1. Using a 1.4 Å probe on the protein heavy atoms only, what accessible surface does residue 474 show? Give it in Å² to the nearest 10.
2. Per residue, how much accessible area does the range 81-248 have with a 1.4 Å probe, in Å²?
3. Keeping to pairs on different chains or 8 or more places apart, tell me how many lysine pairs in the range 557-664 have Cα atoms under 27 Å apart.
4. Can you give the accessible area of residue 164, probe radius 1.4 Å, in Å² rounded to 10?
5. Classify the range 81-248 as rounded, prolate or oblate, taking a ≥ b ≥ c as the square roots of the eigenvalues of its Cα gyration tensor: rounded when a/c is under 1.5, otherwise prolate if a/b is larger than b/c and oblate if not.
6. If you roll a 1.4 Å probe over the range 360-659 with all protein chains in place, what percent of the accessible area is carbon or sulfur?
7. Let me make sure I get this right: for the range 502-604, a, b and c are the square roots of the gyration tensor eigenvalues over alpha carbons, sorted descending. Under 1.5 in a/c it's rounded, otherwise prolate if a/b > b/c, else oblate. Which is it?
8. Let me know the charge dipole size of the range 81-248 about its Cα centre in debye, to the nearest 20, where only the beta-carbon of Lys, Arg (+1) and Asp, Glu (-1) is charged.
Amino acid sequence: LDVSMDPWSFFYTCLVSALLHRFYIYAAIAFGVSVWIVIQFLSTRKKGENSNRNPAPSEGIEGKLLNGFTTPQAKEVHVAGVKIFYGSQTGTAKRFATGLAEAVVSLTLPVEVISMGDYDPDDCLAEETTSRNVCVFLVATYTDGQPTESAAWFCKWLEEAANDFRFGKTYLKGLRYAVFGLGNSVYVDHYNTVGRNIDRWLWMLSASRVMTRGEGDCNVAQSRHGSIEADFEAWKAKFLSQLQALCRGEKSCSGKCKKGKCKSLGKQSKESSDHEHWASEHENTEAEELFETSSEEEADAEEAGGANSVIDVEDLGNMMSHMKKAKRERELEEGDVGMSLTGGNAGRKEEGEKREMITPALREALTKQGYKLVGSHSGVKLCRWTKSMLRGRGGCYKHTFYGIESHRCMEATPSLACANKCVFCWRHHTNPVGTEWRWKMDQPEMILQEAIENHRNMITRFKGVPGVKANRFEEAMTAKHCALSLVGEPIMYPEINRFVKLLHQHSISSFLVTNAQFPDEIRNLEPVTQLYVSVDASTKESLKRIDRPLFKDFWQRFLESLKALSEKQQRTVYRLTLVKAWNVDELKAYADLISLGKPDFIEVKGVTYCGESSASNLTMANVPWHEEVVHFVQELADLIPDYEIACEHEHSNCLLVAHKKVRL
């Protein structure tokens, strides 16, 4: 080229030359690009192999340097944390929540324990639809199927949201949850109502179960695993396993699991279709465990779910047959079918399948309270008046009223179970409840022998204690009286007549107290030294509010028990416990009840405040002054002319009213 040529001419010449040789230029460019792609592919593949061999150093890196640029490669988080909500009255749900939180922490997951009373669902619950948290609800069912005080607002809000069209059916879509309910199957109409309702309301708002609902039963006779603690531990193990699966990115349970496997895992269906076809999954319920939602409840949810939840009429027959089959299988598992068998083997099998009344947790709680437990359902405890009289001080009101020597009195019970949950229960409801005997039964000979031994051992500890009178210590080693009023309902014990007979054979007098819920047992009871009936209220409404009985027909049972008492040919006593602002204004009604039962004596006592309890809202304000008790008795005596005030024991805040026929 001629360098002296014009620049424009030079540019034109180069352009023409490139145009003439363009094929070679294109080939060179293509070759270069191909070589670059191959190099990048081989380099990326080699890096991938190295990361598979040594994943640990690279897993925590948020991004990788690629060709000089940082590219985000954040690890996907499937579960951000766990929030545990609890609604507790006696502290059990709170204790379970704390235990579950400790187990979740061991999985290196963030966890938060929240009381429902401190949480505002209106402001906060919708946030959980995008938080990637798993929400766990541990809720107890309280009186008449109502939530506990701390959970009342949460449940009210959730119910209104589930039934308010303004929220919409998908309001909580994305929220993942699990529910465990705490209840007592003795209350048949209200068993775990709150847990079931929360489960249903969340589902109606399109929240997703991560596993099926758990139900713990305080009734050890019916509890699947023997106690509510064992029920929770079994459910907790399943929940933790499911939580680990969620952390790995596996699909959560749809809430309709079969034993040993989850049918919903691996199912490539959308959450909306799960809701539309909920009814068709009823056919899988025959193998459901205790934790599964019952088909009746699912039907209720369907009714509340809207027009899309439709069941084909042709499928109703199959559904009913599967439901019946599931019911029969549950009955077989619980041993109910065995009751229809005949012969001694069936009876022994049934007896062998019965559980002990005292669970390990209950044994621990009662032992801390000073009980000496006997066998599987009995106990003794040393009364403070026994200790007082050992020191030469005064005795209890029974000493003043009837001459019972307190230091020779053994306080015991052959049945820790009770059919009431009275608001003034001085055992704070640590004892079991039930309407009939469903536990293993110890023989009365063993109960009496061990009760006497335990009582003597407790007395022995006072040997040499300063202030204890030597003569009274020696007398106390031989019990002469037994107060069957320690706790529970002694008359529930099937062998109560044999037990009382053994007491009398040992020259031990017997005072037996019953809560007026077992009229047939009162009629069948052989004579005791003195038979008490607790008359805690005089109207149906106040009795339900104070005694919180388990029986549906509690009032009829109460009246029948008083009638049965009037038929007894022995000394009988009404025990009235006055609770200020609860039952002190029912004088005329009390007088009517006295004319019904015709007791020989009436003991009127002010309620004893046993400290703050989550199971009761009584305070010192509910304890009447002794003057108020005296005034009540004076007014009552004016309404019952056949009776008169006989004695009082001010220290016990108690007065005795006696029938004039027993006047000495």
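The values are calculated or read from the model by the stated rules, or taken from the named source; none is laboratory data. Everything quoted here is computed from the prediction, not taken from an experiment. A quick note on method: Cβ atoms are made from the backbone with ideal geometry, for glycine too, and the neighbour counts reach across all protein chains shown. Side chains included, ligands, DNA and RNA excluded: accessible areas come from the protein's heavy atoms. Shrake-Rupley method; radii C 1.70, N 1.55, O 1.52, S 1.80 Å.
1. About 120 Å², rounded to the nearest 10.
2. Values: 6520 Å² over 168 residues.
So the range 81-248 comes to 39 Å² accessible per residue, rounded to a whole number.
3. Close lysine pairs found across the range 557-664: 21.
4. 30 Å²
5. Details: a/c = 1.67, a/b = 1.12, b/c = 1.50.
In terms of gyration-tensor shape, oblate.
6. Values: 6210 of 12550 Å².
Carbon-and-sulfur percentage of accessible area, whole number: 50.
7. Values: a/c = 1.94, a/b = 1.69, b/c = 1.15.
Taking the square roots of the gyration eigenvalues as a ≥ b ≥ c, the range 502-604 is prolate.
8. 700 debye
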